[in-house]
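Below is one structure, written out as structure tokens; the observations come after it.
Quick note: the coordinates plus some simple rules give every number you see, no bench work behind them. These numbers come from a predicted model, not from an experiment. Backbone-built Cβ (ideal geometry, glycine too); neighbour counts: all protein chains shown.
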């Protein structure tokens, strides 16, 4: 297949490039309206208890938790005649808007909990109806109309979950544009330094641009089929850029080697596709498998990032194999440089390139046990903070201080007596006896951190009834069903989440479903933890099979998994130390919450593990090639690392530059990726590949490549080989004397 592809692009190179350009332009054009179809939500499990409670509230009671909060600040006090007139007019105007329901305010309801302790602020709460895309669009329109200083003399700030989601979407779109503007020129400079030539440096960027534009266009199509998160666009843009550069580096390096070895352009393209091209296919499969684990997660936002990641890996590999080969056919020998030919000629008399990576591998393999022990201890020490990880939920604190939604949420938490927006909804689907419902509500009101419980039988606080049932309580019953609103005290987000467990622990004489934002956060974490063992098992099994097909070894796949686990443990430990414990918060400019957003480790694992195995494939395939050519096990490691180590290091540095672009974001979640992904890549490319891999392969010796006879036959039939047996006999490298 590789030879047929090589023949096709050699004959039709220009036509391939024209088609690729047209497809990329089409993808770029459709992506202009992409963000209007993306959602900032999707971080909860629709099938969980809280998800079922939300569905019952909507279908049976026509109720939804308020997702819009207008914080009204009066020039004097909210009880003055002028402020009352302005607040009432504001409430009535909002209630008359299309797509807005359940509008309640301090002025129309008289509820004291909707007035601040200082008396100069009051709340208007409402629910914007529709799906997340419709809500996101509508809240932007309402914010433009109602936000800011009004003619009545009051000042209005727009907050609530809908406003937070809207700001998150807008900020993500800005971050994508800013990141691309920074990354492309910086990466171009780095590529010129790596390749020593401007033409060769442009090739990876051309492939990266095609990958990103095509990926954004396909996301636009996919958004009509399933819910997609705004972060899926970030994954396609930056991960697409990084993977395309990774694969292009391998292709360009191998193509230039083949040219420097005296091959013609068509022969060099064919040799590149049958060697580096096959490696890229396997490498992209490892990334796809790692990212496909996200599709198993029941949270729509995480699942959509899995879709985007798999799509991006396949596009990056396809563009590298097809578009880049077509560019080779058109540019010919202009991709090569005299520097490469000089480097190829600078070979020691024994046929071994005496470069940095060869010397490093030889040094490590002379002292394998102490080096492996020290490096492992360092990685375990870096990973120690991971043991103290505390999971949290995505909320407005991930936004910068300038975020209006965050300012509103902070003011409500600090100045208002209760958390009306954070109320838990306890749904009783089959209803119950009025006395039993009242007793249950009274018991819930006595729990710590509960300010009030409202239901069809009245209101309760401190374990006692405080208000008899009235017209305002009729909304808590519909058909046979009943629900209770458990309003927490204005405490921290973490204490509200603890309240979920306390409410669920109370015995009820009927079936109950606990819903609300905090309950959704708890259920989302539980869903992640439940699916994690299955996801890890699936990805581990798939990686063992793929790496066996690559190496033909029984031990190497398990060694690769252990090394990648060590690398990721160190990365997660550093992430907890920085983002959860708050170290370096001043440098990276984020708010310390004392928790790690639960979705970060999952997404970081999939991306970082995929990249780690990517580099694993690059190196092991080249080491296997040298071993098949006749090199002894130790020599194969040194030769393989020397030939591909420089490129893998360059790829790691370049992809780190790409991921560092996440740091320009004002969203803490994206900053976490901007730190975690480069850290994972650099640890893997230095400590793991430069020290632990050669050390452990030296300790294993010839057992490294052992496999039973029947598995050797499987590998001979289905495995990856960088050259045919005939080529190997003709081009066998001199055997390095050693074990």
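May I ask you to compute the full-extension gain from residue 439 to residue 144, defined as 0.36 nm times their residue separation minus their alpha-carbon distance, rounded to one decimal in nm?
Details: separation 295, 0.36 × 295 = 106.20 nm, distance 4.53 nm.
Computed gain between residue 439 and residue 144 is 101.7 nm.
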- Query: Between residue 155 and residue 22, what length comes free when the chain is fully extended (0.36 nm per residue of separation minus the Cα-Cα distance, one decimal in nm)?
  - Reply: 42.9 nm
- For the chain, calculated [θ]222 nm from helices alone, where every DSSP H run of n ≥ 4 adds -39500 (n - 2.57): -19500 deg cm²/dmol
- Note on the structure: Taking every DSSP bridge whose two residues both lie in the chain, the antiparallel percent to the nearest 5 is 95 percent
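Among 617, 177, what is the fewest-to-most ranking by other Cβ atoms within 10 Å?
Working: 617 26, 177 10.
The order, fewest Cβ neighbours first, is 177, 617.
Please list 242-252, 462-472, 4-14, 49-59 highest first by mean number of surrounding beta-carbon atoms within 10 Å per residue. Mind showing how you got there, number by number?
Working: 242-252: 29.4, 462-472: 11.7, 4-14: 16.5, 49-59: 19.1.
Packing order, densest peptide first, comes out as 242-252, 49-59, 4-14, 462-472.
Counting alpha carbon pairs within less than 8 Å and at least 6 residues apart, what relative contact order, in whole percent, applies to the range 86-129? Spell out each step's value before the answer.
Details: 53 pairs, mean separation 17.3, N = 44.
Across the range 86-129, relative contact order equals 39 percent.
Give the order of 318, 105 when sorted by the count of other beta carbons within 10 angstrom, beginning with the fewest.
Numbers: 318 19, 105 25.
The most exposed by this proxy come first: 318, 105.
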- Enumerate the residues in the range 193-207 having an amide nitrogen under 16 Å from the point lying 7 Å beyond the Cα of residue 334 toward its Cβ. 197-207
- residue 82 versus residue 377: modelled label distance in nm, points set 7 Å from Cα along the beta carbon direction: 7.3 nm
- With the radius of gyration and the Kirkwood radius both derived from the Cα set of the range 68-159, what is their ratio Rg to Rh? 0.96
- Query: Quick one: Cα centre-to-centre distance for the range 171-214 and the range 457-502, in angstrom?
  - Reply: 54 Å
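Given a cut-off of 19 Å, what percent of all Cα-Cα pairs of the range 516-602 lie beyond it?
Values: 2171 of 3741 pairs.
Beyond 19 Å sits 58 percent of the P(r) for the range 516-602.
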- Message: Can you give me the distance in nm between label points at residue 686 and residue 581, each placed 7 Å from the Cα along the Cα-to-Cβ direction?
- Response: 2.0 nm
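Once you have a ≥ b ≥ c as the square roots of the Cα gyration tensor eigenvalues for the range 1-87, tell me rounded if a/c is under 1.5, and otherwise prolate or oblate according to whether a/b is larger than b/c. Write out the running numbers ahead of the final one.
Numbers: a/c = 5.97, a/b = 2.35, b/c = 2.54.
Here the range 1-87 falls in the oblate category.
Relative contact order for the range 401-474: what is it in percent, counting Cα pairs under 8 Å that are at least 6 residues apart? Please report the intermediate quantities before stating the final value.
Values: 72 pairs, mean separation 13.2, N = 74.
After rounding, I find 18 percent.
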- Query: How far is helix 161-195 tilted, in degrees, relative to the longest principal axis of the Cα atoms in the chain, given as a value from 0 to 90 rounded to the nearest 10?
  - Reply: 20 degrees
- Task: On a 0 to 90° scale, report how tilted helix 81-95 is relative to the longest principal axis of the chain, with both axes built from alpha carbons and the result rounded to the nearest 10.
- Result: 60 degrees
- Taking Cα atoms only, helix 555-575 is inclined relative to the longest principal axis of the chain by an angle, in degrees rounded to 10, of 40 degrees
- Using 7 Å Cα-to-Cβ label points, what is the residue 387/residue 198 separation (nm, one decimal)? 5.6 nm
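Would you mind ranking 167, 642 so that the residue whose beta carbon has the fewest other beta carbons within 10 Å leads the list? List each step's numbers first, then the result.
Values: 167 27, 642 22.
Sorted ascending by nearby Cβ count, the order is 642, 167.
Kindly state, to the nearest 0.05, the FRET efficiency for residue 536 paired with residue 33, given R0 = 30 Å and r defined as their beta-carbon distance. It would help to have the intermediate numbers written out before the result.
Numbers: r = 38 Å, r/R0 = 1.25.
For R0 = 30 Å, the calculated efficiency reads 0.20.
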- If each part is reduced to its alpha-carbon centroid, the range 550-610 and the range 216-280 end up apart, in Å, by 25 Å
- Message: Taking 8 Å as the Cα distance limit and 6 or more residues as the minimum spacing, I'd like the relative contact order of the range 210-338 as a percentage.
- Response: 38 percent
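Quick one: if the Förster radius is 45 Å, what FRET efficiency do residue 504 and residue 718 give, using the C-beta to C-beta distance and rounding to 0.05?
Details: r = 51 Å, r/R0 = 1.13.
The value I calculate is 0.35.
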- Query: How long is the gain from residue 366 to residue 134 if the chain were fully straight, where each residue apart is worth 0.36 nm and the alpha carbon distance is subtracted?
  - Reply: 77.1 nm
